[in-house]
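Asks: After the C-alpha cells below, expect a handful of questions from me.
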Amino acid sequence: MSKPNFSEMSREELASYVMKHRHDDEAFYALADKVYASPRIRVQSMEQLADLIRTTQKTEGDQSAG
C-alpha cells in the first residue's frame, strides 16, 4: 500500500491520518509543517502539537456524531 500525498491533504485530513498511523514519522512531520505554517497557530512544543491533534480529532468526532 502506498502512502497518501501529505502535501495534498488538508491539515484536518492529515491530523486524522496521523492519529490512525501514529508510527508514521513522515506524516507527523508533514502535519507539524502544516501547523507551523498556519498563521493562526504557533506550536511551541511537541505536547502542544499533540493537544492540537487531539482537539481536532474530538471536533471531527463531535461533528460526525451530530
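The values are calculated or read from the model by the stated rules, or taken from the named source; none is laboratory data. Here the structure is a predicted model, which means the values were calculated and not measured. Here the Cβ is made from the backbone with ideal geometry for all residues, glycine too, and neighbour counts use every protein chain on show. Note: accessible area is taken over every heavy atom of the protein model, side chains too, but ligands, DNA and RNA are not part of it. Shrake-Rupley method; radii C 1.70, N 1.55, O 1.52, S 1.80 Å.
Asks: As a test of reading the structure, rank 10, 16 by solvent-accessible area (1.4 Å probe, protein chains only), most first.
Replies: Highest to lowest solvent-accessible surface, that is 10, 16.
Asks: Ignoring any ligand, DNA or RNA, what whole percent of the accessible area of the chain comes from carbon and sulfur when the probe is 1.4 angstrom?
Replies: 52 percent
Asks: I need the trypsin sites (Lys or Arg not before Pro) found in the chain, filtered to DSSP loop residues with at most 13 other beta carbons within 10 Å of theirs.
Replies: 22, 40, 42
Asks: Could you size up the charge dipole of the chain around its Cα centre, putting +1 on the beta carbon of Lys and Arg and -1 on that of Asp and Glu, and report it in debye to the nearest 20?
Replies: With Lys and Arg at +1 and Asp and Glu at -1, about 120 debye.
Asks: Provide the gained length on full extension for the span residue 36 to residue 13, in nm with one decimal, where the gain is 0.36 nm per separating residue minus the Cα-Cα distance.
Replies: 6.7 nm is the gain from fully extending residue 36 to residue 13.
Asks: Sticking with this one: If the viscosity is 1.567 mPa s and the temperature 4 °C, what Stokes-Einstein diffusion coefficient in µm²/s follows for the chain when Rh is the Kirkwood radius over Cα pairs?
Replies: After rounding, the answer is 105 µm²/s.
Asks: For the chain, calculate the relative contact order in percent as a whole number, restricting contacts to Cα pairs under 8 Å that are 6 or more residues apart.
Replies: 29 percent.
Asks: In addition: Residue separation times 0.36 nm, minus the C-alpha to C-alpha distance between residue 60 and residue 29: what's the value?
Replies: 9.1 nm
Asks: Shifting gears a bit: What GluC sites (Glu not before Pro) does the range 1-52 have in DSSP loop regions with at most 13 other beta carbons within 10 Å?
Replies: Qualifying residues, ordered by number: none.
Asks: Which whole-number value in Å² is the accessible area per residue of the chain, probe 1.4 Å?
Replies: 74 Å²
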